[in-house]
Number of protein chains: 2
Amino acid sequence: MLQTIGQRAKQAEPVLRTLHTMEKDHALRQVAADLLKKQEEILAANETDVKAGKEAGMSEGLLDRLALTPERIGAMSEGLCQLADLDDPIGEITAMKKRPNGLLIGQKRVPLGVVGIIYEARPNVTADAFGLCFKTGNAVILKGGSDAIHSNRAIVNCIRNSLSKCQITPDAIQFIDDTSREVATSFMKLDQYVDVLIPRGGAGLIQSVVKNSTIPVIETGTGNCHIYVDESADLEMAAAIIVNAKTQRVGVCNACESLLVHEKVKNDLLPVLADLLKERNVLIHGDAQVTDLIPEAVRATEEDWGKEYLAHEISIKTVESLDEAIDHINRYNTKHSEAIITNRYDHAQRFLDEVDAAAVYVNASTRFTDGFEFGYGAEIGISTQKLHVRGPMGLLALTTSKYIIYGNGQIRS
Amino acid sequence: MLQTIGQRAKQAEPVLRTLHTMEKDHALRQVAADLLKKQEEILAANETDVKAGKEAGMSEGLLDRLALTPERIGAMSEGLCQLADLDDPIGEITAMKKRPNGLLIGQKRVPLGVVGIIYEARPNVTADAFGLCFKTGNAVILKGGSDAIHSNRAIVNCIRNSLSKCQITPDAIQFIDDTSREVATSFMKLDQYVDVLIPRGGAGLIQSVVKNSTIPVIETGTGNCHIYVDESADLEMAAAIIVNAKTQRVGVCNACESLLVHEKVKNDLLPVLADLLKERNVLIHGDAQVTDLIPEAVRATEEDWGKEYLAHEISIKTVESLDEAIDHINRYNTKHSEAIITNRYDHAQRFLDEVDAAAVYVNASTRFTDGFEFGYGAEIGISTQKLHVRGPMGLLALTTSKYIIYGNGQIRS
C-alpha cells in the first residue's frame, strides 16, 4: 500500500511542480468552498471520532483538540483562502550572476517534491498541511492519528473531490488510512518517494521520527523557553512579559517554562510576580532563594530545569550574573525561544550573540515565535533543528532551490 | 570515547561561535604555515599508509588519492590561506524588519555548531574540512578511513598545535582515531552532540550514513548526469560539450554518464561523436539505433541507464521528443546535473523547468557544477538532497540562521 502511495505521489510531483499560481489559488478557493458545503458530512465523521474518544476515556484537552464545530471548519476554510491570497514563492529567481566565462548562473525557488506529515489528533492539521504543501507545489502524504481517522478521511475525500473538479490530480493529497505503528515506521523508511518528513505532535512522536526515519526530517517544536531578568531590568515590564509568556496560553511550545532572576532584583521582583502568578494558578518550582521569598513555591529539583511543563507551572532560579544565566540556558534549553529583560546595551547584545536558540528576544514575550506573528501569513510548525530552516516555518520552508545555467557552448578546461 | 569527543566539541562550540573574523583568519594562516613546516612528519606518516596500502593490494587510483607529496601539502596550505581571504559569512544580518507591534525582527547568520564528517582515503580532506568548518565558526569531528589513519593523525596533530599557539581551543578539530565500523555506526547516533553529518566518499558510504544516522545528514554526491541533444542543437557545440563532460575528468560526480540524442540528428551527430570518443578510449553502450550507427558500440542493458560509470564509458539512447528525454532523465537521474543542447527557446525553458536536478544547464558542460566554478571560493561537497542546501556547497552551507528580536515590552494579546 505504501509503495503505491509513494509512486502516486511521485507521479503527481512533476504536474504540481509546474502548475501556475492562478491554478493553485483557484483550487485552494474551491477546496475552501467545498469544506463548507460538506460540513455536515465532516461533522458527522468527527462525531464518530469524538464518541470513540469519550468511550476510551480521552482527556478533556485532547477531546477539545479533536472536536470540530461549524466555526472550526469555517476557520479551516478561511485558512485556505488566506493561503490563496499569499504570494507564490515558487519560480522566484533569488539570484542570478554572470561568471567570468560567460555562464549565467541563477538560483530558482522550486518545490521540495513529496512532503510527508505525521501528526496526532488535531483534524484541522489535515486541511492546513494540504494547503501549505499545495501552495508550494508539493505533493503531500498525510499520516494522522487513529483518534481522528474518520474526521481525517472525510476531510481528505472532500479535498480530493475538489481537486478533481479543478482538473488537478487528487494525488496532490494522499492519506495513509492504516493508523498502525508498523505502517508508521514503514512510512518513515519511504525515502525512495518522500523528500522530507515533518512530525507534528508531542515529544514522543518527534523523537520516534528522528530515530527511525531514513527520510530527511524537519524536527519541530518542543520548547523549554527561558526568560532572564537582568539586574538592570524594568521590573514592571519584566513582570508583564513573564505573566504573558507563561499564562497567555500554557500548552504551546513558545510559552515560558523557566525564569532566571538576577539576585540583585529578586527581592523587588519575586513577591510581586508571585502574586500575579498565584492569581493565575501557576505553581512555582524555585531554588532555595526563591522558596525563601515565596512561601507557596515548592523546591525545584534538577529535573525541573529541563522540563517543558505545558501547564500552569514554572521553574524559577536566581543567578549571580549574565554569564551564569547564559550558561544555564545553553545547558537546559531546547533551542527554541529565549528572552532577556534588560536595560543594559552590552547585556542585550551578549545575550543575542551567545544564547543558542532559534529566536532570542530582548524585552519581549517568547510567545511571538510564530509564523503569523513573524509576518509569514502561514505556519507549518516551528523548527528547532539547525538544518534547512530554523524557527517558525512559513511557505519558504517547503521549498528548495535549483541552479539554472544559461551557456553558449562553455566547456571546462 | 565518542561521548568525550562529543562533550569537548560542545564545549568548544560557544567559543568558536563568537570568535572574531580576524582571529579565525589569523589561525587559518598559522595552520597553513605550520603544515608546510611539519611537511616531513606528515610525509613520513603518509609513507606508512601508502606502504600498507600497497601491501594490501590497493588499486592505483586509490593509492594516488592516498599519496601526499610536497606539492599536495602545498595545495592544502594554500587552500587554507584562500579560506582566510574569503568573506566571513558569520554574523551577517540577512533581513531585518519592523512588525506592526513595533518588534524589530532580524535574521542573523550563525554557525551550525558541531559538524561531523565521515570520509574515505583522501587525507587532504582533513585540512580542507577543518578549514571550511573553522572559517564558519563550527567545531568539526572527523572520522577518516583506516587507509589514511597515520596521515590524518599527523595532519590533525599539526592543526591542533597551531590552534593552541593561537590561544584557540584545539577541540575546534577532533579526530576519531578508531576506524572500526562499530565506532562509525555509534558516531552516526551522536545526535546529542553533533548538529549535522556530512559523508564524503562513495555511494556505499553515503547510503550507510543515510540509513543509520540519527543526526541530520547532508547527502552528497553521486551523479548520473545526462546531456540531451535536441533536434535544433548546434551539433559541433554538442560534440565539444559531450567530449568535455565525459572525458575531461572521468572519476567525478559531475561527469556526463548518459547521452540522449533526438533521432532526427543521430545520423549527423553519432558517427562524428563516436570517432571523438574512440580517440579518448570511451566505450559506448547504446540502444539498437546507436549500435546500428556505431559498430564498436555495445548494446546497453536496462542497468546502463541508471549507471554512474565514473570511467571511460557512456550510455547513449535515441529519443523521439523532448518529452521522452525529460521523462527518461527524471526517471534515471540522481538529481545532480543535467544539460540540454538546443537552439529552441521553448525547449530550453521547458528543460530548465521540468528536469528535477540540483543544476540544469542549457548549452554548457555539466562539469561546471562545482563550488569554485560557481564562484563560492570553496566547496565542502555537492548536495544531491533538497533539504538545507542543493548543489555545490560553499561556506554558507555550513551556517544556519537565528532570529534576533528587539522589543520594548511587547506582550502577545
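The values are calculated or read from the model by the stated rules, or taken from the named source; none is laboratory data. Predicted model, so just to flag it, every value in this text is computed and none were measured. When we count neighbours, we look across all protein chains shown, and the Cβ atoms used for this are built from the backbone with ideal geometry, even at glycine.
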query = Can you find even one residue in segment B:307-325 that is under 25 Å from B:GLN248 (Cα atoms), of a type in the set (S, T, N, Q) and modelled with pLDDT of 95 or more?
reply = yes
message = Can you tell me which of (1) crowded, with 20+ Cβ neighbours inside 10 Å; (2) at pLDDT below 95 is the one A:GLN192 doesn't meet?
response = (1)
inquiry  = So for segment A:220-231 (the condition being in a helix (DSSP H, G or I) and either away from chain B (no Cβ under 11 Å) or out of contact with any Leu (no Cβ under 7 Å at 6 or more places or on another chain) (or both)), does at least one residue qualify?
reply    = no
note = When segment B:308-317 is checked residue by residue, the ones that are part of a loop (DSSP other than H, G, I, E, B) and within 20 Å of B:GLN289 (Cα to Cα) are none
query = Pairs, please: C-beta under 8 Å, at least 6 apart or cross-chain, first residue surrounded by fewer than 18 Cβ atoms within 10 Å (Cβ to Cβ) and in segment B:197-218, second of a type outside the set (Val, Ile, Thr) and modelled with pLDDT under 90?
reply = B:GLY202/B:GLU120; B:LEU205/B:GLU120
inquiry  = Anything in segment A:124-169 that is under 20 Å from A:GLY377 (Cβ atoms), of a type outside the set (A, V, I, L, M) and not in a loop (DSSP other than H, G, I, E, B)? List them, or say none.
reply    = A:ASN124, A:THR126, A:ASP128, A:PHE130, A:GLY131, A:CYS133, A:PHE134, A:LYS135
query = Looking at segment B:12-56, which of its residues are modelled with pLDDT of 95 or more and among the polar types (S, T, N, Q)?
reply = B:THR21, B:GLN30, B:GLN39, B:ASN46, B:THR48
ask   = Does A:MET1 satisfy the condition of being buried (at least 16 other Cβ atoms within 10 Å of the Cβ), modelled with pLDDT under 95 and more than 21 Å from the chain's Cα centre (by Cα)?
value = no
remark   = With criteria (1) out of contact with any strand residue (DSSP E or B) (no Cβ under 9 Å at 6 or more places or on another chain); (2) without any contact (Cβ under 8 Å) to a residue 12 or more places away in the chain, A:LEU276 comes up short on (2)
query = Tell me, which residue of segment A:122-147 that is more than 14 Å from chain B (Cβ to nearest Cβ), surrounded by 24 or more Cβ atoms within 10 Å (Cβ to Cβ) and touching a Lys or Arg at 6+ places or on another chain (Cβ under 7 Å) is farthest from A:LYS402 (Cα to Cα)?
reply = A:VAL125
ask   = For residues in segment B:249-265 being within 13 Å of another protein chain (Cβ to nearest Cβ) and either touching a Ser or Thr at 6+ places or on another chain (Cβ under 6 Å) or at pLDDT 95 or above (or both), which is farthest from B:ILE314 (Cα to Cα)?
value = B:ASN254
key: Wholly enclosed strands (runs of 3 or more DSSP E) of segment A:318-413 bearing at least 1 residues more than 8 Å from chain B (Cβ to nearest Cβ)   = A:337-341, A:381-383, A:391-393, A:399-410
Number of the exception - A:VAL15 against (1) hydrophobic (A, V, I, L, M, F, W, C); (2) in contact with a Gly (Cβ under 7 Å, 6 or more places away or on another chain); (3) within 14 Å of chain B (Cβ to nearest Cβ); (4) part of a helix (DSSP H, G or I) = (2)
inquiry  = For segment A:173-188, check the following and say yes or no: at least one residue is within 14 Å of chain B (Cβ to nearest Cβ) and touching a strand residue (DSSP E or B) at 6+ places or on another chain (Cβ under 9 Å).
reply    = yes
query = Does segment B:82-94 include one or more residues that are under 22 Å from B:PHE372 (Cβ atoms), hydrophobic (A, V, I, L, M, F, W, C) and in a helix (DSSP H, G or I)?
reply = yes
task = Pick out the one residue from A:VAL209, A:VAL194, A:VAL183 that is under 23 Å from A:THR4 (Cβ atoms), outside any helix (DSSP H, G or I) and aliphatic (A, V, I, L, M).
result = A:VAL194
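Each row is one residue, and each column tells you yes or no for (1) buried (at least 19 other Cβ atoms within 10 Å of the Cβ); (2) within 18 Å of A:SER162 (Cα to Cα); (3) in contact (Cβ under 8 Å) with a residue 40 or more places away in the chain.
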| site | (1), (2), (3) |
| --- | --- |
| A:LYS24 | yes, yes, yes |
| A:LEU28 | yes, yes, yes |
| A:ALA33 | no, yes, yes |
| A:ILE42 | yes, yes, yes |
| A:THR48 | no, no, yes |
| A:MET58 | no, no, yes |
| A:GLU71 | no, no, no |
| A:MET96 | no, no, no |
note = Only one of B:ASN254, B:ASN224, B:ASN244, B:ASN281 is farther than 18 Å from B:SER383 by Cβ and in contact with a helix residue (DSSP H, G or I) (Cβ under 8 Å, 6 or more places away or on another chain), namely B:ASN244
query = Filter segment B:27-83 for residues that are more than 18 Å from B:ALA129 (Cα to Cα) and β-branched (Val, Ile, Thr); which is nearest to the chain's Cα centre (by Cα)?
reply = B:THR69
